[in-house]
Amino acid sequence: MTFPALKTVDSTMALLRDPYRYISRRAAERGSQTFETRLLMRPTTCMTGAEAAAVFYDPKRFQRAGAAPPPLQKTLFGQGGVQGLDGTGHRQRKAMFLEIAGPERVAALADLVTCEWRRAIPEWAAAGQIQLYPRLQVLLTRAVCEWAGMPLPDADVESRTRQLSALFDEAGHLGIGHLKSRVARKAADQWAVGIIEQIRADELDPPHASAAYVVAHHREPGGDQMSSRVAAVELLNVLRPTVATAVYITFVAHALDAEPAWRERLAHGDGGEDLAFVEEVRRHYPFFPAVAAIVRDDFEWRGHRFTRGRRVLLDLYGTNHDSTAWRDPERFNPERFLGAAPDRFAFVPQGAGTQPCTIGVPVNRSRPGS
């Protein structure tokens, strides 16, 4: 059997009004993990829950190409980046990112972030009260640009921070917010193209392990270099997500303030519970509400027919708060991560599986509605 589409012209506004709980609430109303609707006037299948996630992350059934709505391609992801590739092209591009983000390189980035944080503390303390989120964006921009081999004069720090932040903070907005993100994408692309071309012309020689050097010299499956434009997109795909961790760091700060018992516990512990706390922040707090993919070939699951070319959304927030997988899911409880590792398809804060094939759908950072 197949489920009939919802009796509505388009559900885009309903999704925007309650982006984090839209899919799980509609699924609960229908008593199914899967339902059909229209989003941006396009027929869309929505899925929620760990079992649905396991199906969604089967690369034989779903693909990335064509999943991202054009507005996100032109802002958040950029055009031609790894998020829109499949098969050999994706594997080779992904290998480039794994080289960039090896353990030693990640440790070096963490050291730079720590140095920037310590440098900022006196200024923050003198101010008495600060807005943490924008300060973190500046801190992370400084650190990741140095780490990536991207020259960043002090005079440019604020403007580059605004550009990188607008790529994720404004991309999912309507109206002026989206236009700001488009403008930021154009400026950031031009900056990154300039860096790539300087490296290829031997006018700039960053460390050979740096992201800028690796991206500039990466070879595609056919042996050719990426175009300067695509290489710039991939370089920004290193910088942008790093600056976006300001979102989670802010959530950590909120959790520490809201959970004084855990604040004391972590302060006097040996570090063994730190990861459990961070993982619970990732589960409990919202980041992307959903991820998107495209059905590769027709198949059926749980009586629902998935037709080739259909866009499908997997509910991340609802899956992370599914009462069938999580006990008391609305409660913040890091102890749930001190035992056995959770099912990789029940814990999907930014995606899941060993072969991610999805496109994140960003929205504003407000807490989900009640």
| remark: With x for Gly and Pro, the residue-by-residue ³J(HN,Hα) of region 284-290, computed from phi through the Karplus equation 6.51 cos²θ - 1.76 cosθ + 1.60 at θ = phi - 60° and given in whole Hz, is 6, 8, x, 10, 7, x, 7
| How much mean residue ellipticity at 222 nm does the chain get from its helices, if each DSSP H run of length 4 or more adds -39500 (n - 2.57) and you divide by all residues, to the nearest 500 deg cm²/dmol? | -15500 deg cm²/dmol
| task | May I ask you to evaluate 6.51 cos²θ - 1.76 cosθ + 1.60, the Karplus curve with θ = phi - 60°, for each residue of region 258-266 and list the ³J(HN,Hα) values in order in whole Hz, giving x for glycine and proline? | result | 7, 10, x, 5, 6, 4, 5, 4, 6
| request: Check the straight Cα-Cα distances from K180 and name the aspartates and glutamates below 12 Å, setting aside those fewer than 8 residues away within the same chain. | output: D169, E170
| Of all accessible surface on region 10-51 at a 1.4 Å probe, what whole percent is carbon and sulfur? | 54 percent
| field | ³J(HN,Hα), Karplus 6.51/-1.76/1.60, whole Hz, each residue of region 58-65, x for Gly, Pro | value | 7, x, 6, 9, 10, 9, 7, 3
| field | Translational D in µm²/s for region 101-256 (Stokes-Einstein at 25 °C, 0.890 mPa s, Kirkwood Rh from C-alpha pairs) | value | 149 µm²/s
| query | When all alpha-carbon pairs of region 252-315 are counted, what percent fall beyond 14 Å? | reply | 69 percent
| remark: Once both label points are put 7 Å beyond Cα along the C-beta direction, the A101-L338 separation in nm becomes 2.9 nm
| remark: Over all viewing directions the Cα convex hull of region 213-341 casts an average projected area in nm² of 12.6 nm²
| task | Give me the net charge of M226's neighbourhood, meaning all other residues with Cβ under 10 Å from the Cβ of M226; Lys, Arg count +1, Asp, Glu -1. | result | 0
| Charge context of C115, other residues only, Cβ under 12 angstrom, K/R +1, D/E -1 | 0
| query | For region 98-173, what's the relative contact order in percent, using C-alpha pairs closer than 8 Å and at least 6 residues apart? | reply | 30 percent
| Centre separation in Å (Cα based) which lies between region 250-265 and region 11-26 | 29 Å
| Set of aspartates and glutamates with alpha-carbon distance to K94 below 14 Å, sequence-local pairs under 8 removed | D86, E220, E234
| remark: Taking placed amide H atoms and a strict 5 Å upper bound, the residues 5 or more places from L39 or on another chain that come that close are S11, T44
| request: Could you list which residues have their amide H under 5 Å from that of F62, counting only those 5 or more apart in sequence or on another chain, with H placed in the peptide plane? | output: R296
| task | For the chain, calculate the relative contact order in percent as a whole number, restricting contacts to Cα pairs under 8 Å that are 6 or more residues apart. | result | 26 percent
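Give the relative contact order (percent, whole number) for region 188-311; include only Cα pairs under 8 Å separated by 6+ residues. Don't jump to the answer; show the numbers that get you there.
Details: 91 pairs, mean separation 19.1, N = 124.
Normalised by residue count, the contact order of region 188-311 is 15 percent.
The values are calculated or read from the model by the stated rules, or taken from the named source; none is laboratory data. It should be emphasised that the depicted structure is a prediction, and the values quoted were computed from it without experimental measurement. Positions of Cβ are backbone-derived with ideal geometry, glycine not excepted, and every protein chain shown enters the neighbour counts. For the accessible areas, the whole protein counts, side chains as well, though only heavy atoms, and no ligand, DNA or RNA atoms are used. Shrake-Rupley method; radii C 1.70, N 1.55, O 1.52, S 1.80 Å.
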